[in-house]
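Just below is one structure, and these are the notes that go with it.
The values are calculated or read from the model by the stated rules, or taken from the named source; none is laboratory data. Everything numeric in this text was worked out from a predicted model, so none of it was measured. We place every Cβ from the backbone using ideal geometry, glycine too, and count neighbours over all the protein chains shown. Just so you know, the surface numbers come from the protein's heavy atoms only, side chains and all, with ligands and any DNA or RNA stripped out. Shrake-Rupley method; radii C 1.70, N 1.55, O 1.52, S 1.80 Å.
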Amino acid sequence: MTMTYFPNYRDGSLVNLMSSLLQASDGQSPYAPLALLPPDEIKRVTHLVLLVLDGFGYEFLMRQSSETLFHRHLRGKITSVFPSTTAAGITTFLTGLAP
């Protein structure tokens, strides 16, 4: 069964993740930061790696062993963007803006 999710641009989507990263590096964003990852928490990080796994959804992760690296570091579920395509998502990562 395919589930349909709409983006939560208030505080729980890719644009909010990028907003947290921008604000942590003293940049600006028209969006609120990601509730699960406040900018102040990232500010103290020396090195940051953003790993994008296209199509690796929350439901897929929940069907895997709870012993995985991804489970150990999971903070919660976020939404993508609309439309939820690779092109729109990658553009959001690069610009920090919703499509």
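Going by the structure shown, is Ala87 in contact with a Pro (Cβ under 9 Å, 6 or more places away or on another chain) and free of Cβ contacts under 8 Å to residues at least 12 places away in the same chain?
So Ala87 fits the description; yes.
Would you mention how many residues in the stretch 61-99 are loosely packed, with under 11 Cβ neighbours inside 10 Å and among the hydrophobic types (A, V, I, L, M, F, W, C)?
Looking only at that region, the number is 3.
Of all residues being open to solvent by 50 Å² or more (accessible area, probe 1.4 Å) and either farther than 19 Å from Leu74 by Cβ or without any contact (Cβ under 8 Å) to a residue 24 or more places away in the chain (or both) in the stretch 1-18, which is farthest from the chain's Cα centre (by Cα)? Just the residue, please.
Here the residue is Met1.
Does any residue in the stretch 45-60 that is under 21 Å from Thr4 (Cβ atoms) come within less than 7 Å, Cβ to Cβ, of a residue that is among the polar types (S, T, N, Q) and surrounded by 10 or more Cβ atoms within 10 Å (Cβ to Cβ) six or more places away or on a different chain, and which pairs are these?
As it stands, the answer is Asp54/Thr86, since those pairs meet every condition given.
Take the stretch 36-69 and flag every residue that is farther than 25 Å from Ala24 by Cβ, assigned to a loop (DSSP other than H, G, I, E, B) and modelled with pLDDT of 90 or more.
Within the stretch 36-69, just Arg63 meets the criteria.
For the stretch 19-36, does any single residue satisfy the condition of being open to solvent by 80 Å² or more (accessible area, probe 1.4 Å) and on the phi > 0 side of the Ramachandran plot?
yes
Scan the stretch 19-35 for residues that are among the aliphatic types (A, V, I, L, M) and either within 9 Å of the chain's Cα centre (by Cα) or not in a loop (DSSP other than H, G, I, E, B) (or both) and report the count.
4
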